[in-house]
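K.L.:
This structure is in structure tokens; I'll ask about it shortly.
The values are calculated or read from the model by the stated rules, or taken from the named source; none is laboratory data. It should be emphasised that the depicted structure is a prediction, and the values quoted were computed from it without experimental measurement. No Cβ is skipped: glycine too gets one built from the backbone with ideal geometry, and neighbour counts run over all protein chains shown. With ligands, DNA and RNA removed, areas are computed over all heavy atoms of the protein, side chains included. Shrake-Rupley method; radii C 1.70, N 1.55, O 1.52, S 1.80 Å.
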Amino acid sequence: MKLTKLFVFLLAVLPMVANAQADQKLINKAHQGDTKAMVTLALCYQNGAGVAHDSIQAVKWFQKAADQGDADAWLYLSTYYLRGTCGFAKDSARYFAIRKEWAEKGHPNGLAALGIAYECGRGCKADTAKAVELYEQALKKGSAWAMEQMANNYYFADLGYAKDEKKAVQLWEKSIKLGSYGSISWLVEFYMAKEDYKKAWKYINDGIRWADPDVWSSAARAYALGYGVEKNEAKAQHILDSILHEHHNLYGTQSMAGIFYMYPDDATLRDSAKAMRIWQDGDRQGSIPCRMNLARAYMEQNDYASAKPYLLKVANDSQSTGYRGLQDEACRHLGVMSYLGEDCEQDMTQAEAWWKRGVDQFKGAECANLLAIYYQEDEHRDMAQAVKYLRLADQYGDQEALATLGQLYANNGNMEQAMACFQQMIDKGQVDGYYYMGLAYDAQGDAKTCNKLLAQGEKKGSKMAAESLGIIYMNGLDDTKVDFKKAAAYFEKSGSAKALYNLSRIYLNGGMGKKGVASEADIAKGLDYLQQSADQGFIDAMYTLGCFHETGEYFDTVDHVKAVSYFQPLADNDVAAGQFKMGLYHELGDGGVELDSAKAIEYYQLAADQGHTDAMLYLGDFHRIGRYLPLDQQKAFALYTQAHEAGN
């Protein structure tokens, strides 16, 4: 999973919470007039830490502390004005005024809070330069809130800061030590992304102690996916239900809960109606993630009419911040719908406009890539524009944009510019740059330099380079001696779907066996690699497994139902070989498939249209003998000729 900056909006309205749980000592101090205890008790009520979650009690204690001049209490109260909750009239100007007042008084968290307002454009015009200035001032004064914001800036390379994970972690940890545990959830997500589940669970347990709902959400995801604990989707759903029962406006939790009900691995836990209800509740509260999930759910059903209103809500939301990626995605989908004419007339100009909006307004790499493709099409060809948008895709974080741009230059005969792009990849630490640079040298007949670059890339962690070296040793290319063990080692390092498929071929064909004969263990290992490749959706692996089950090769029995389970997804994704196989199964009525000659002809025709010569021969035979299709010798001859010319 990938850490994202989706919590920025929440930070604008829910500042970080003091590290405490309510106990009798804290309650007594609050009743005795200790303003810091009042604020802490309010936060405990807000989160349900040691006391039942109670927003009314939280506001009461914030107000008591504010009445006695406590700055943090006023800053917390400002968030209620922003959202218009708990009896407060929605008033972004008041939100901004409170933060401005305490910033002008030099209060550390006041400076940080005003920086958040400027970054998000709350009650003022967004001004990131001003936000940075305020964060820096607050950081010098020791504001834990500023530490969290600056940590995020370093982690996400945001607001002009260079990416620095080490500095980000240091600031998150320091803010926790200063009594703010908002950074705990960031550290949980950081270590989850690094797959360091031991550290992630250390911070999860810290956050749970203080009833942090964001951390509980992370714990739910960990249980759902088996990160550092035994996988337990039912427990994940229970945790999320509990959070939503206590906290009714946690957009991220609503979005995640819906996902876990809509797409659990355990089909018995699937409750799509509940998922939709959760997301619809989020939609009513203005949640961009929930709206996006609703749009996706409808698009999966090809119900573009129902998806479009949610996409428009996401794309046109000018209030929420921190969701640029989702808003870029909405523009992308709206553009594709216009381009393909889904629930609307086909409109290329409108498609282009949506994608440009995704780039210009939301710095969307996905929309930039679509525009690059758009400007390479014959009817809109403009190579300067294609290059421009690939450059923007790279600027906005697409790790493959430079490779695509380099290939574009190479395909247009400009190898110098292509190699410059690949060198940029290497200079930026994108290890696959060695792979692409190697291919560039190989295209110019310099296999030696190519192999040297591939070796460099593999040592630096390029899976593409490792896969290429495996292919070289497996096939003995470039005067290299065939060495299946070396090839297998490189394929193992790569781990790509294609590499796993090639590993299966090596083991099944006896490449790792004595005298070139595969042992039972080799066959078992080969089938395991083949299954792993198929699970990643690699077409050749899926087709091969289908054929093995169809013929019984490597298996004890023929299993046509299992074969169909591999062929049908291929057919559904317009793979000609899968369409041909499904034509056969419908013609024969085998493998759990209904006998249906019309459906068989439909599949054969789809395969033939893509150049599948056996499908052409079958259709020719049907016309020749008048079976399933009208007797027509001329059509039969034409199909046979077509198959012959295609190489059959």
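K.L.:
Taking K and R as +1 and D and E as -1, what net charge do the other residues with C-beta under 15 Å from the C-beta of residue 466 add up to?
P.N.:
Summing Lys and Arg as +1 and Asp and Glu as -1 gives +3.
K.L.:
Let me ask something additional. Provide the per residue accessible area, probe 1.4 Å, for the stretch 406-542, rounded to a whole number of square angstrom.
P.N.:
Result: 52 Å² of accessible area for each residue.
K.L.:
A follow-up question, please. Under 13 Å from the Cβ of residue 491, count the other residues' Cβ atoms, weight Lys and Arg +1, Asp and Glu -1, and hand me the total.
P.N.:
+3
K.L.:
Quickly estimate the mean residue ellipticity at 222 nm for the chain, helices only: each DSSP H run with n ≥ 4 gives -39500 (n - 2.57), and the total goes over all residues, rounded to 500.
P.N.:
For the chain, the value works out to -22000 deg cm²/dmol.
K.L.:
Further question: Helix 484-494: angle to the longest alpha-carbon principal axis of the chain, degrees 0 to 90, nearest 10?
P.N.:
For 484-494 against the chain, the angle is about 30 degrees.
K.L.:
Another one. With N residues in the stretch 28-165, what two-decimal value do you get for its Cα radius of gyration over 2.2 N^0.38 Å?
P.N.:
Here the Cα radius of gyration is 1.09 times the empirical estimate.
K.L.:
Using a Cα-Cα cut-off of under 29 Å, which lysines could be cross-linked to residue 105, ignoring same-chain neighbours fewer than 8 residues away?
P.N.:
Within the straight-line cut-off, residue 105 pairs with 29, 36, 60, 64, 90, 125, 130, 140, 141, 167, 174, 177.
K.L.:
A further question follows. Give the relative contact order (percent, whole number) for the stretch 83-155; include only Cα pairs under 8 Å separated by 6+ residues.
P.N.:
Relative contact order comes out at 25 percent.
K.L.:
Would you mind checking the tilt of helix 35-47 against the longest principal axis of the Cα atoms of the chain, expressed as 0 to 90 degrees and rounded to 10?
P.N.:
30 degrees
K.L.:
Mind jotting down the distance between the C-alpha centroids of the stretch 54-69 and the stretch 583-627, whole Å?
P.N.:
Answer, in whole Å: 74.
K.L.:
With a 1.4 Å probe and every protein chain kept in, tell me what percent of the accessible surface of the chain is carbon plus sulfur.
P.N.:
Here it works out to 49 percent.
K.L.:
Can you return the aspartates and glutamates within cross-link range of residue 635? Criterion is Cα-Cα under 12 Å, with same-chain partners fewer than 8 residues away left out.
P.N.:
Residue 635 reaches 621.
K.L.:
From the phi angles alone, apply the Karplus equation (6.51, -1.76, 1.60; θ = phi - 60°) to the stretch 471-477 and give each ³J(HN,Hα) in whole Hz, x where the residue is Gly or Pro.
P.N.:
5, 4, 6, 5, 9, x, 7
K.L.:
Counting only residues 5 or more places away or on other chains, whose amide H sits under 5 Å from the amide H of residue 180 once H atoms are built in the peptide plane?
P.N.:
Answer set, sorted by chain and number: 19.
K.L.:
Restricting to Cα pairs below 8 Å that are 6+ residues apart, what does the relative contact order work out to for the chain? Please round to a whole percent.
P.N.:
4 percent.
K.L.:
To the nearest 10 degrees, how steeply does helix 288-300 sit against the main Cα axis of the chain, on a 0 to 90 scale?
P.N.:
Relative to the chain, helix 288-300 is tipped by roughly 20 degrees.
K.L.:
Rounded to two decimals, what is the ratio between the C-alpha radius of gyration of the stretch 483-640 and 2.2 N^0.38 Å?
P.N.:
Against the compact-globule rule of thumb, the ratio is 1.23.
K.L.:
Separate question: Can you give the three extents of the C-alpha atoms in the stretch 388-458 along their principal axes, from longest to shortest, in whole Å?
P.N.:
34, 26, 13
K.L.:
From the residues 268, 201, 474, which one has its Cα farthest along the dipole of the chain in the positive direction, the dipole being from +1 and -1 charges on Cβ of Lys/Arg and Asp/Glu about the Cα centre?
P.N.:
201
K.L.:
For the pairs 194/356; 194/498; 388/498, flag any whose C-alpha to C-alpha distance is greater than 27 Å.
P.N.:
In this structure, 194/356; 388/498 lie more than 27 Å apart at Cα.
K.L.:
Something else now. Using the Cα centre as the reference, give the magnitude of the dipole from point charges on the C-beta atoms of the chain (Lys, Arg: +1; Asp, Glu: -1; all else neutral), rounded to the nearest 20 debye.
P.N.:
Its charge dipole is roughly 2800 debye.
K.L.:
Can you work out ³J(HN,Hα) from phi for every residue in the stretch 461-469, in order, using Karplus 6.51 cos²θ - 1.76 cosθ + 1.60 and θ = phi - 60°, giving whole Hz and x for Gly and Pro?
P.N.:
x, 6, 5, 5, 5, 4, 4, 5, 5
K.L.:
Can I ask one more? If I model the stretch 544-628 as equal point scatterers sitting on the Cα atoms and use the Debye formula, what is log10 I(q)/I(0) at q = 0.12, 0.20 Å⁻¹?
P.N.:
Summing over Cα pairs of the stretch 544-628 leads to -0.33, -0.86.
K.L.:
Take every Cα-Cα distance within the stretch 373-504, group them into 5 Å bins from 0 onward, and report for each bin the whole-number percent of pairs it holds.
P.N.:
Cα pair-distance distribution for the stretch 373-504, in percent: 2, 12, 18, 19, 17, 14, 10, 5, 2, 0.
K.L.:
Moving on to the next point. Given the stretch 420-479, report the % of alpha carbon pairs whose separation exceeds 19 Å.
P.N.:
20 percent
K.L.:
Same structure again: Net charge within 12 Å of residue 592 by Cβ-Cβ distance, Lys/Arg positive one each and Asp/Glu negative one each, not counting residue 592 itself?
P.N.:
-2
K.L.:
For the stretch 433-580, give the magnitude of the charge dipole about the Cα centre (Cβ charges: +1 Lys/Arg, -1 Asp/Glu; no others), in debye to the nearest 20.
P.N.:
Here the stretch 433-580 has a charge dipole of around 760 debye.
K.L.:
In whole Å, what is the distance between the alpha-carbon centres of the stretch 147-223 and the stretch 289-344?
P.N.:
30 Å
K.L.:
Report, largest value first, the span of the C-alpha coordinates of the stretch 440-544 along each principal axis, in whole Å.
P.N.:
Ordered largest first, the stretch 440-544 gives principal extents of 41, 32, 23 Å.
K.L.:
Given a 1.4 Å probe, how much area per residue of the stretch 300-387 is accessible, in Å²?
P.N.:
48 Å²
K.L.:
Residue 383 accessible area, nearest 10 Å², 1.4 Å probe?
P.N.:
60 Å²
K.L.:
Dividing the alpha-carbon radius of gyration of the chain by 2.2 N^0.38 Å (N being the number of residues), what value is obtained?
P.N.:
Dividing the Cα radius of gyration by 2.2 N^0.38 Å gives 1.16.
K.L.:
What list of ³J(HN,Hα) values in whole Hz, one per residue of the stretch 443-456 in order, does the Karplus curve 6.51 cos²θ - 1.76 cosθ + 1.60 (θ = phi - 60°) give from phi, with Gly and Pro shown as x?
P.N.:
5, 9, x, 10, 5, 4, 5, 4, 5, 5, 5, 4, 5, 4
K.L.:
Moving on to the next point. Given the peptides 48-58, 298-308, arrange them by the average over their residues of other C-beta atoms within 10 Å, most packed first.
P.N.:
So the peptides 48-58, 298-308, ranked by packing, come out 48-58, 298-308.
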